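The values are calculated or read from the model by the stated rules, or taken from the named source; none is laboratory data. Since the model is a prediction, treat every value here as computed from it, not as a measurement. Positions of Cβ are backbone-derived with ideal geometry, glycine not excepted, and every protein chain shown enters the neighbour counts.
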Amino acid sequence: MTDRILVFYGSYRSDRMGIRLANYLVDGLKGRGDDAELIDAKAIGLPMLDRMYKEYPKGSAPPPMEALAEKIRTADAFVFVTGEYNWGVQPGLKNLTDHFLEEWFWRPAAIASYSGGRLAGARSNSTWHGILSEMGMVVISSTLTVAQVGQTLDEANNPQGPAGQALARAFPRFADDLAWWTEAAKAQRARHASPY
Ligand SMILES: Cc1cc2nc3c(=O)[nH]c(=O)nc-3n(C[C@H](O)[C@H](O)[C@H](O)COP(=O)(O)O)c2cc1C
């Protein structure tokens, strides 16, 4: 079954590397038949949070925010590609997510973290787990952790070397886990209206 999956990535750096992992995941999900789309916070360019989407009178939110709200509302699942700056989350992605709340509810989310070093963004991975739970998503337990991202994925987003092979081996299980929860959430939404 085709699932509509949004893949979020939020580095604003000119020389950003995590885009390789984001593109790899979008391609991998599409290869499984999913309708996956990269949501690149830098390309969307929301301003620093002033009003949340829901604080705008209906129909008056800036067009990029309105378009993104509709994409989030109608998606079946989310993947968050999370880098790490000084043990914390990347501000661009956090800023984008904070614009929305109810739009995220009742869908599963998966986290794929990365870094330039050896710890693969483990601290931001764990921080995002709590953030996504607070925003009403069910965070699946499978995760991907990619160390030395610029070496693990080449410029064409292809896995390379032993770490790349490990990523390619881990991806199907990660995607299967997300697909299982996506199917479960879809079925539940069809059976019962959400309680709030
Ligand atoms: C401001 C800044 C802080 C960083 N802090 C960390 C860190 O705490 N842990 C880590 O593993 N890597 C850290 N790094 C290295 C990043 O993992 C690496 O630069 C990575 O490519 C950043 O993601 P991006 O290229 O998608 O922006 C930091 C990089 C920057 C620019």
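In segment 17-29 there is no residue matching the filter, namely being surrounded by fewer than 19 Cβ atoms within 10 Å (Cβ to Cβ), free of Cβ contacts under 8 Å to residues at least 40 places away in the same chain and out of contact with any Ser or Thr (no Cβ under 8 Å at 6 or more places or on another chain).
A quick yes/no check of all residues on (1) crowded, with 16+ Cβ neighbours inside 10 Å; (2) at pLDDT below 95; (3) assigned to a loop (DSSP other than H, G, I, E, B); (4) on the phi > 0 side of the Ramachandran plot:
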position	(1), (2), (3), (4)
Ser113	yes, no, no, no
Ser124	yes, no, no, no
Trp128	yes, no, no, no
Ile140	yes, no, no, no
Thr143	yes, no, no, no
Gln151	no, no, no, no
Asn157	yes, no, yes, yes
Gly164	yes, no, no, no
Ala168	no, no, no, no
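Considering (1) assigned to a loop (DSSP other than H, G, I, E, B); (2) buried (at least 16 other Cβ atoms within 10 Å of the Cβ), the lone condition that Gly117 does not fulfil carries the number (2).
The residue that is nearest to the ligand (Cβ to nearest atom), among those in segment 20-50 that are closer than 15 Å to Leu93 by Cα and over 12 Å from the mean Cα position of the chain (by Cα), is Lys42.
The residue list Ala147, Ala109, Ala163 contains one member that is without any contact (Cβ under 8 Å) to a residue 60 or more places away in the chain, touching a helix residue (DSSP H, G or I) at 6+ places or on another chain (Cβ under 6 Å) and within 16 Å of the ligand (Cβ to nearest atom), which is Ala163.
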